[in-house]
Amino acid sequence: MRVHLTATAAAAVRRGHPWVYRDGIAGGGEGAERRGERRRGERAPRGGGAAASGDVVELSAEGAPFLGRGLWDAESAIAVRVFQRAQAPALDERALAGRLERAFALRDGWFEGRDTTAYRLCNGEGDRVPSLVIDRYDRAAVVRLDGGMLAPWLDRLLPHLARALGARGVRSIGLRARASTTSGDTEGKKLAHLHGPPLPDRLFVRESGVAMEVDLARGQKTGAFLDQRDNRARVRALAAGRRRVLNLFSYAGGFSVAAALGGAGRVTSVDSASAAHASAQRTFRENGVDPAAHEFVTADAFDFLEKAHARGDRYDLIISDPPSFAPSERARPRALGAYRRLHTAVARVLDRGGVLCAASCSSHVTAEDFLATLDDATLERDDLRIRAIHGQPEDHPTLPAWWEGRYLKFVVLE
Ligand code: SAH
């Protein structure tokens, strides 16, 4: 099957961008719309003819008979994910298994010993295996597929996965259905069993020597936010000698326990989900920290900040790691406004001499955009400087042309 691209889409593919959106396909499909057989904007294959999800397609463009090979997705906005740009022998399960082995081998030796037992084994596009994410939680691995193109390949890939992961001490493999992006992070949270002994619903992993409970069955992402591992270690170092720490959007308390172990006097965790606090408290206990010495508040972070300010409460270390405010380009202006409102409110309860760690996980918000939501006018103060800007760790690699993969910003202001 051949898919002919527009000049713009072809240029992106040449640069190494792994996605072709449906409107990057030249011709095809519009006829049906014009004839009224399909409503405008309705999801339907364009170009690609009768291709089904998972079919291998060859990409071409004006003056370029062969641009590369990818897999077709009949459903999602991304019609093709590009796997090969060179004239490689074939795009088959052996080629995919080879890519996966390279991703796993890259990480061999990174997390030796038992200090860190949870990390990303394959970061999809960033490891040149588009749409396939694999996270390791000790002896369990959780696979997540973005879009529908790899689902038909899973049965054929599983023996390769079981062998390569088994050799690295992984016993069980599960599949996490992805939440639909339009309905937020609430749907499709099912963990299906693929291989080996049944996966536990919940388990403790270790991260830089710290125990952390992970809810594989119901947690966010594949269970935990592994992309913040290095930043949690940074917070631990920053927490020494702090009297009052505030962790906003605390989820399972990763930053909270890091701060407590780092020597903070009292850590206040704020999240709208009470189940997250129950998990955080188990994590505290597992690390030998008494949760009763700390505070867990089930509340909207904005409401909490308003009340804390009214009470005159102050904190000398604040971590703010909200969910993505900008799931799409269209949502960007509103998201920047929300970050600004959040940061203004945060700055009002930050002590003089305190440290603010502000994170954003929206790829549609660039580092510069995000820093603008932390400027003097927004924070209503002129005593802070950027101490560091961090991003995601090495087990979350990206590609130069795939800017969408570099979503995490973690700004330390002091
Ligand atoms: N910092 C966490 C990840 C945060 S995920 C970590 O390192 O693991 C975002 C969290 O924000 C979720 O737990 C969600 O329940 C919570 N949340 C979303 N909207 C919120 C709001 N308005 N107020 C408080 N918590 C909120």
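The values are calculated or read from the model by the stated rules, or taken from the named source; none is laboratory data. Note that the structure is predicted; figures quoted are calculated from it, not measured. Cβ coordinates were reconstructed from backbone atoms using ideal geometry, including for glycine residues, and neighbour counts include every protein chain displayed. For the accessible areas, the whole protein counts, side chains as well, though only heavy atoms, and no ligand, DNA or RNA atoms are used. Shrake-Rupley method; radii C 1.70, N 1.55, O 1.52, S 1.80 Å.
Observations, loosely collected:
- Projecting label points 7 angstrom from Cα along Cα→Cβ for Lys307 and Glu380 puts them 2.0 nm apart.
- Solvent exposure of segment 240-330 as accessible area per residue, Å², 1.4 Å probe: 42
- Amide proton proximity set for Arg243, modelled H, under 5 Å, gap of 5+: Gly265, Asp316
- Computed accessible area, Glu414, all protein chains, 1.4 angstrom probe, square angstrom: 50
- Each of Trp19, Phe83, Thr398 was scored by the projection of its Cα onto the charge dipole of the chain, and the greatest displacement toward the positive side belongs to Phe83; charges sit on the C-beta of Lys, Arg, Asp and Glu.
- Area accessible to solvent at Trp19, 1.4 Å probe radius, in Å²: 40
- Label separation (Tyr21 vs Ala50): 3.0 nm, computed from points 7 Å beyond Cα along the C-beta direction.
- Net dipole in debye of the chain [+1 Lys, Arg Cβ; -1 Asp, Glu Cβ; about Cα centre; nearest 20]: 360
- Span-rule helices in the chain, defined as complete DSSP H runs reaching 18 Å or more along the axis (Cα) with Kyte mean at least -1.0: 93-107, 274-286, 332-348
- Element breakdown for the chain at a 1.4 angstrom probe: carbon and sulfur atoms account for 50% of the accessible area.
- Taking the chain and dividing mean pair separation by its residue count, relative contact order in percent (alpha carbons under 8 Å, at least six apart): 11
- Rounded to whole numbers, the Karplus 3J(HN,Hα) couplings from phi for segment 202-212 are 9, 7, 9, 10, 10, 9, 6, x, 9, 6, 8 Hz, using 6.51 cos²θ - 1.76 cosθ + 1.60 with θ = phi - 60°, and x at Gly and Pro.
- Heavy-atom accessible area for Phe325, with the other protein chains in place and a 1.4 Å probe, reaches approximately 50 Å².
- Bridgeable lysines around Lys190 (alpha carbons under 16 Å apart, same-chain partners fewer than 8 residues away excluded): Lys221.
- Largest mean-square fluctuation among Gly391, Gly113, Gly354, in a Gaussian network model of the chain whose springs join Cα atoms under 10 Å apart, belongs to Gly113.
- Summarising the amide proton neighbourhood of Arg2: residues at separation of 5 or more, or on other chains, whose placed amide H is nearer than 5 Å comprise Glu58.
- Sequence-distant residues sharing a close amide H with Ala74 (under 5 Å, placed H): Ser53, Gly54
- Across segment 289-414, the mean sequence separation of Cα contacts (distance under 8 Å, 6 or more residues apart), normalised by length, yields a relative contact order of 27 percent.
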